[in-house]
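Below: one structure, written as structure tokens.
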Amino acid sequence: MKKIIFLILSLFILCATTSAQVSGLSIGYCNGEVNTKGTEGFGSQEKDIHVSGAIYVPASRMNLYAGNRIEKIRAGLASKLNVDELTVWVRRDLNGENLASETINASTEQQIQKGWNDITLTQPFNITSSDEGLYIGYTFHQKSFTYALSILNTPTPNALFVKYGSEEWQDKSSEGTLCIEAMVYGDQLPRCNLVLNSIDADPVYVINKGKMNISASITNNATETISSFDAECTVSGYADVLTATIKEPIAYGETKTVDFIIEPTMIQTIPDELLTLTVNITNLNEGEDENPADNVLQTTFEVVKNDYTRNVFVEEFTTEKCPNCPRVATYLHDALEKEEFAERVFSIEHHNGYFTDWLTIPCDGEYLWFYNAGGSTYAPALMYDRYNFDGSTPVSNPSNQSELEGRLRNRLAKPAFVCLNIEANYISENELEVKINGERSKEDFTENPARITVFLVEDDIPARSQSGAGAGFIHHNVGRAVNTTWGEVIEWNGDEYEYSCKFTIRGDYERDALKVIAFVSDYNDSDATKCEIANSNCLNAADFGTLDGIAELEAQPAKSASTTYTLDGRKVSGKLQSGIYIVNGKKVCIK
């Protein structure tokens, strides 16, 4: 019995410990994050000047903290180089007097730091109920040039005002967020206050699918952990309220991204303009939100009737001189063996990026433009639908197979608004004709005129001398020829198109290992990040058509003086005479 009582008391103490009350709240827009790298463009070349940064907190938010006080200001610095004095302050007006302030420098006990500087106000600022907002900022003195303002690359309204020396204040909130927070303490702190920071919804709603994916960034700016809440969504022109219940606990100061799905099935026709989606965070499980004004955001989206199955085209930069290339080649090949990718992901090898080799073709070198690195290239490297995952280039080197597969899944989940149907037929013994047709469900699915690119690809080519691999290494899906490096502009007939091209089939190609891969893409000759592939498709050699009589001719042994076969397979003596013969209704020329 004593053991049971002791256990209950222990659990009670543990619960009391983990449920400790929040002693203070922060006011700001950076969510506790500080940038310790200078931001180019946010600095002054002058010596011996003062540089200031600030945020504005509107009255609607400040009133939440009425009856409490600002005791501390956290000022973020990207650098302390050449900074010899730092002052934090509170003002009603950017050019007004300091309502509260504190300074640190070489003569104070607290020294200036790179990163957060937690500065306690000697005289705290008492917050009262008011219709006025507050500016919270800092000013530092620089002896010489430095990028000391700490700025996040996240545009946020009211989150970044800057001033250099005697210049006027500038509102740069559309370019970033200043790393600064006011710390509020008191007995009347708000209990429940979620803030909807941003929403990201599908830019296109597909009527035939009936679902829309939404991602929302939410911060808890009050003392109570919120265990669940609702996201109420409405669409302009429709009365329906679509509600998603989010059972995702969010503690004080925590920012979470939550994903949910709505089904706006009331939309059955394509409107003439974009529709507006409104998301409202409401019905907090722990009580009424004390500032509902920051719970609502809007975005716009387009409507289409249908989309098409999305396939993904992976381009691999590799050469036999690259010792690290077999690693990524194995990642890719193993991924394509999986059921989820096998039928919807196609790949090609471009033999360039780290020298060249015997499999390099001219377009492989031209595609080095995608690296967008001033001529610097490397291998192994991949592009996934030429999509820009990393900022300045669609080219990247996956660190592991999980990363590679994650990007494949990301692309497979995107809607496709164009389709490709491929047909290929031999029109002579060494010529293949490719015909492609398709349609679009959205007229402007690319920014520039859509282009079609067609590759002739050969699979399972034994390596000659692959660095970093033992004997038996195989090259998969090597590019043999392309219709044109950057594709040809599609000529639309309404929402439909047709295209054809021809490839010469060399004698050293393994015909049974050939494929045709085609894709439709955007193309901007001045921006490597704006050439995204809209959709792709593949046709294997087993599905190529043959010209009547070609197969029979290829099956016959070479002609000789002693034995000759007629076209119907009968053995005759002597040689066939030159001339035109009719085989299954087709003309065949014998020379």
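The values are calculated or read from the model by the stated rules, or taken from the named source; none is laboratory data. What you see is a predicted model; the values in this text were computed from it and never measured. Here the Cβ positions follow ideal geometry from the backbone for every residue, glycine too, while neighbour counts run over all protein chains shown. Each accessible area value is taken on the protein alone, full model and side chains, heavy atoms only, with ligands, DNA and RNA left out. Shrake-Rupley method; radii C 1.70, N 1.55, O 1.52, S 1.80 Å.
Pop a pseudo-label 7 angstrom from the Cα along the beta-carbon direction at both ASN213 and GLU423 and give the gap in nm to one decimal. Modelled inter-label distance: 3.5 nm.
Taking Cα centroids, how far is the stretch 228-278 from the stretch 143-174 in Å? When both Cα centres are located, 34 Å separates them. Compactness of the stretch 176-242 is given as radius of gyration and Dmax, 17.1, 54 Å, from Cα positions. Under the shape rule built on the C-alpha gyration tensor, where the axes satisfy a ≥ b ≥ c, the stretch 169-308 is prolate, since a/c reaches at least 1.5 and a/b is greater than b/c. At full extension, VAL296 and SER236 could sit 20.2 nm farther apart than now, given 0.36 nm per residue minus the alpha carbon distance. Calculated accessible area for the stretch 288-441 comes out at 41 Å² per residue, all protein chains present (probe 1.4 Å; ligands, DNA, RNA ignored). Looking at the stretch 179-258, the accessible area is 41 square angstrom per residue; that uses a 1.4 Å probe and ignores ligands, DNA and RNA. Label sites at THR255 and SER396, each approximated as a point 7 angstrom past Cα along Cα to Cβ, lie 2.1 nm apart.
If both residues of a DSSP beta bridge must be in the chain, then about 95% of such bridges are antiparallel.
Place a point 7 Å from the Cα of ASN126 along the Cα-to-Cβ direction; which residues of the stretch 62-88 have their backbone N under 15 Å from it? 66-71, by backbone N distance to the label point. For the stretch 378-434, the normalised intensity computed at q = 0.15 Å⁻¹ comes to -0.65 (log10 of I(q)/I(0), Debye sum over alpha carbons, equal scatterers, no solvent).
Need the C-alpha centroid separation for the stretch 91-142 versus the stretch 446-463, integer Å. Cα centres, the stretch 91-142 to the stretch 446-463: 59 Å. Using a cut-off of under 18 Å, list every residue of the stretch 176-199 whose amide N is near the label point 7 Å from the Cα of ASN285 along the Cα-to-beta-carbon line. Those under the cut-off are 191-195. A 1.4 Å probe run over the protein chains yields, for the stretch 53-168, 44 Å² of accessible area per residue, whole-number rounding. Starting from a Cα-only point model with no solvent, please compute log10 I(q)/I(0) by Debye for the stretch 71-110 at q = 0.25, 0.35 1/Å. Debye intensities relative to I(0), on a log10 scale: -0.98, -1.21. Positive end of the dipole of the stretch 332-407 (Cβ unit charges, origin at the Cα centre): among TYR371, LEU336, SER399, the Cα lying farthest that way belongs to TYR371.
If Lys and Arg each add +1 and Asp and Glu each add -1, what is the summed charge of the other residues whose beta carbon sits under 12 Å from the beta carbon of PHE389? Cβ neighbours under 12 Å give a net charge of -1. Modelled spin labels at SER526 and THR276, positioned 7 Å past Cα toward Cβ, are 3.4 nm from each other. Surface composition of the chain: carbon plus sulfur atoms contribute 46% of the solvent-accessible area (1.4 Å probe, protein chains only, all chains present). Averaged over residues, the count of other Cβ atoms within 10 Å places the peptides 26-38, 199-211, 309-321, 169-181 in the sequence 309-321, 169-181, 26-38, 199-211, highest first. Rounded to whole numbers, the Karplus 3J(HN,Hα) couplings from phi for the stretch 346-352 are 10, 9, 9, 9, 9, 8, 6 Hz, using 6.51 cos²θ - 1.76 cosθ + 1.60 with θ = phi - 60°, and x at Gly and Pro. Taking only the C-alpha atoms of the chain, Rg followed by Dmax gives 33.1, 116 Å.
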